[in-house]
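In what follows, a single structure is set out as structure tokens and then discussed.
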């Protein structure tokens with residue numbers, strides 16, 4: 001019998017909450033938050049991780065190319081130094 005009373009009470013409280021201003025406020029806040037979040041250009045963690053890995057790979061490639069360029073510049077400089085000393 002007490003289970004039936006508790007079930008009825010729970011049902012009545014649910015009905016009261018569904019028709020109360022608090023429920024309307026909850027719905028409005030939820031709608032506003034959903035709209036605000038949809039306007040943000042968010043990405044998933046997976047998308048972020050893919051972009052992060054791409055950036056790391058590109059940075060590594062840039063570092064390698066900068067080293068290669070520096071080595072080539074040094075070789076050119078050494079070659080020019082050697083040819084100018086040969087002319088003397």
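Number of residues in region 35-49 that are surrounded by 10 or more Cβ atoms within 10 Å (Cβ to Cβ) and not in a helix (DSSP H, G or I) equals 1. Kindly indicate whether residue 63 is farther than 30 Å from residue 17 by Cβ and more than 18 Å from the chain's Cα centre (by Cα). When the stated conditions are applied, residue 63 passes them. How many of the residues making up region 1-34 are surrounded by fewer than 10 Cβ atoms within 10 Å (Cβ to Cβ) and touching a helix residue (DSSP H, G or I) at 6+ places or on another chain (Cβ under 9 Å)? Residues meeting the conditions: 0.
We did not get these values from a lab; they are worked out from the coordinates using the rules stated. Quantities reported herein were computed from a predicted structural model and do not represent experimental measurements. Cβ atoms come from the backbone with ideal geometry, glycine included; neighbour counts cover every protein chain shown.
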